[in-house]
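Below is one structure; the comments refer to it alone.
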Amino acid sequence: MLNRLIPLVMRLRKRFPRVYDFIVALGKRLFWKRLGVYPRQMANEVTAVTNVLRSSRWNMTAGSNLAHEHLEAAFSEYIGSGFAIAVNTGGVALQMSMRALGLKYGDEVIHQIDTCSASTLSVMAAGCTPMFADIDERTLMLDATAVERGIGPRTKALLATHMWGNPENMLALTALAERRGLHLIEDTCLSLGAALDGRMAGSFGRVGVFSFGCIKPIQGGEGGMIVTNDEALARELRSMRHWGDRTIEFGVRDTVLPCWNGRMSEIVAAVVAEQLKGYPSHLRSLRSAVAEFQSFLDGFDGIKLVLGTAESTEQCAFTQVVLRIDERQLGWSKTALKDALLARGVPVWHANFELINSLSLFHQNTWEDWLPLCDFPRTRANYNGSYPAAKQLMESGGLGLGKMNFLSSQNLRHLMAQIDALLVRRGVA
Ligand SMILES: Cc1ncc(COP(=O)(O)O)c(C=O)c1O
């Protein structure tokens, strides 16, 4: 059947592209929500973009009362931070934050070994030296004791990543940063809406950074945001996103630091603002689907949901749903179970990213060309170090279920049916 259908569709696309586009658009409208595909429209994205395009004000320098200003106001209100600064990517947001906090070449920034390599590369692109720390086996976030052991004379900041929508251990890290006089930067790129102790992730550190690129909780094609409560820092950051030009913020045509083009397009701002409007209700249904799945998992030994430092699913954003597995109890190796789920149409991946020191840039020592001011022996030892908890998680201890598994009741039922078919329920011999 598919053998016949695919060439037919390809011919239709070639000969009648408008008809093809119409059918695809109709299909999306009817089925997208049911199939749980992501990203999805959450509010009035199309109208908002049309309005920007018609206004001819496509750039954030095009006057006042612009889309990015409305987005910044809504975003800072949602996070509960004093200020929000819209930028073009999460990675640039990280680089700008480090520079605005006064970090310079050779300063060290500690982060977990198994986060997205974008965090590490942002540290390097800001001229600083990334230093790795292992994770806590229970939360799968930074191990605060390992972080403390790794602090040296050049350490200037901790980069705390809220992994996959689960909240990081902000209480321990805030206390540690204060005690050791370090800046605390929150990488919240994967975790918009996660919360801890009644506070939103991103609002604990000197700055919190968000991304609206692929796989992120809300999306705009690309995009990023920095939040802070420090008014002077916010002003500095706003000037930094214009290649550091101080005309708008400080009234002088001057540049005092090397900077970037960090501007967010007005078109992107319009999309992200609509995504944000629809996000609370999206998060409610996502959380309730994951809570149902958590109860379902109670019926099995050797597989359980990991919520970071959260006490309940209500505090998580579930960009990916993280599972801790015990191969012996399950009677499956991680790889075999992952492959079996994939073969049965369940989107599943690892519970963490590859250990960053396993990437060629680090294990082939190419990094040495790019960190000329680092403390070489110390940095080399850190990059050659072993990170057993993160390694175990990657090799055998964790799986990550794609968010789309939880975006429709059909998908959730399918997921649970496949797990039921593959694993043995507790108490069933
Ligand atoms: C944890 C984390 N930090 C930072 C980034 C960088 O964000 P962007 O792709 O918007 O630069 C990503 C993106 O993949 C990420 O997952």
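The values are calculated or read from the model by the stated rules, or taken from the named source; none is laboratory data. Because the structure is a prediction, the values reported are computed rather than measured. Cβ sites come from the backbone with ideal geometry, for glycine too, and all protein chains shown count toward neighbours. The area values use the complete protein model at the heavy-atom level, side chains included, leaving out ligands, DNA and RNA. Shrake-Rupley method; radii C 1.70, N 1.55, O 1.52, S 1.80 Å.
Somewhere in the stretch 417-427, is a residue touching a residue at least 24 places away in the same chain (Cβ under 8 Å) and farther than 17 Å from Phe300 by Cα?
no
Could you please find all residues in the stretch 65-82 being surrounded by 21 or more Cβ atoms within 10 Å (Cβ to Cβ) and touching an Asp or Glu at 6+ places or on another chain (Cβ under 8 Å)?
Leu66, Ala67, His68
Is it true that Gly106 is over 17 Å from Ala194 (Cβ atoms), more than 15 Å from the ligand (Cβ to nearest atom) and either at pLDDT 95 or above or surrounded by fewer than 24 Cβ atoms within 10 Å (Cβ to Cβ) (or both)?
yes
Of these, Ala100, Ala133, which one is out of contact with any Lys or Arg (no Cβ under 6 Å at 6 or more places or on another chain), surrounded by 19 or more Cβ atoms within 10 Å (Cβ to Cβ) and closer than 19 Å to Glu168 by Cα?
Among Ala100, Ala133, only Ala133 is out of contact with any Lys or Arg (no Cβ under 6 Å at 6 or more places or on another chain), surrounded by 19 or more Cβ atoms within 10 Å (Cβ to Cβ) and closer than 19 Å to Glu168 by Cα.
Where the second residue is within 16 Å of the ligand (Cβ to nearest atom) and the first is at positive phi and lies in the stretch 143-164, which pairs have Cβ atoms under 7 Å and are six or more apart or on separate chains?
Sorted first by the residue in the stretch 143-164, then by its partner, the pairs are Trp164/Leu190; Trp164/Thr319; Trp164/Gln320; Trp164/Val322; Trp164/Gly400.
Conditions tested, residue by residue: (1) at pLDDT 95 or above; (2) charged (D, E, K, R); (3) within 16 Å of the ligand (Cβ to nearest atom).
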| site | (1), (2), (3) |
| --- | --- |
| Thr145 | yes, no, no |
| Ile151 | yes, no, no |
| Ala160 | yes, no, yes |
| Glu168 | yes, yes, yes |
| Leu171 | yes, no, no |
| Thr174 | yes, no, no |
| Ala177 | yes, no, no |
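Criterion first (of a type in the set (Gly, Ala, Ser), within 22 Å of the chain's Cα centre (by Cα) and surrounded by fewer than 21 Cβ atoms within 10 Å (Cβ to Cβ)) does Gly402 satisfy it?
Judged against the criteria, Gly402 is a match.
When the residues of the stretch 180-215 are narrowed to those that are over 30 Å from Val268 (Cβ atoms) and out of contact with any helix residue (DSSP H, G or I) (no Cβ under 9 Å at 6 or more places or on another chain), which ends up surrounded by the fewest Cβ atoms within 10 Å (Cβ to Cβ)?
Looking at the filtered set, the residue picked out is Gly198.
When the stretch 343-357 is examined, which residues are found to be free of Cβ contacts under 8 Å to residues at least 60 places away in the same chain, open to solvent by 60 Å² or more (accessible area, probe 1.4 Å) and under 25 Å from the mean Cα position of the chain (by Cα)?
Trp349 - this is the single residue of the stretch 343-357 that is free of Cβ contacts under 8 Å to residues at least 60 places away in the same chain, open to solvent by 60 Å² or more (accessible area, probe 1.4 Å) and under 25 Å from the mean Cα position of the chain (by Cα).
Which numbered condition trips up Glu69, out of (1) at pLDDT below 95; (2) more than 14 Å from the ligand (Cβ to nearest atom)?
The failed condition is (1).
Among the numbered conditions (1) surrounded by fewer than 24 Cβ atoms within 10 Å (Cβ to Cβ); (2) away from the ligand (no atom under 13 Å from the Cβ), tell me where Cys128 comes up short.
With respect to (1) surrounded by fewer than 24 Cβ atoms within 10 Å (Cβ to Cβ); (2) away from the ligand (no atom under 13 Å from the Cβ), Cys128 is out only on (1).
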